[in-house]
Structures are given as C-alpha cells and as structure tokens.
Amino acid sequence: MTSFWINVWRKVIRRYHKFMHDYNYILYRDCLDAQMKITLFQKMIHHRMKIDENS
C-alpha cells in the first residue's frame, strides 16, 4: 500500500513540474524584459531537471 501512495505522490510532483515548466515557457516566450527572461529561463531549467529527476 505504501508504494501505491509513493507512486501517486511522484506522479503529482512530476505533473506539477511539467505544468510549471510550461507556464514559465509561455511567460518566457512573451516577455520583453531581458532580466525577467533570464529569471524565467532559470525557472524552466529547474523544473525540467525536476521532471527528469522524477522520471
């Protein structure tokens, strides 16, 4: 039973990071401010690493 909840939690975390990666990508694509683009790009990298880590 414990492994079931662990798998559910991993899927939730992975889905969260996927959503946040996509959200930051949309903001990054539409952003005109250079400093904000750098920040959004770093957030995208962070969430991509977490997606790959939880795979």
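Average projected area of the Cα convex hull of the chain, in nm²? Write down the numbers at each step before the final one.
On the way: hull surface 14.0 nm².
Mean projected area for the chain: 3.5 nm², to one decimal.
With axes computed from alpha carbons, what is the tilt in degrees of helix 34-53 against the longest principal axis of the chain, rounded to the nearest 10 within 0 to 90? Rounded to the nearest ten degrees, it is 20. Helix 2-30 sits at what angle to the longest principal axis of the chain, using alpha carbons and giving 0 to 90 degrees rounded to 10? Taking Cα atoms only, the helix is inclined about 10 degrees.
How would you order 12-21, 25-34 from highest to lowest mean count of nearby Cβ atoms within 10 Å?
Numbers: 12-21: 14.7, 25-34: 11.4.
Final packing ranking: 12-21, 25-34.
Here each label is just a point 7 Å from Cα along the line to Cβ, and for ILE13 and CYS31 those points are 2.5 nm apart. Placing dummy labels 7 Å off each Cα toward the beta-carbon, the span from MET49 to PHE4 is 3.5 nm.
Every read-out reported here was derived from the displayed coordinates using simple, explicitly stated rules and does not represent laboratory data. This is a predicted model, so every value here is computed, not measured. Positions of Cβ are backbone-derived with ideal geometry, glycine not excepted, and every protein chain shown enters the neighbour counts.
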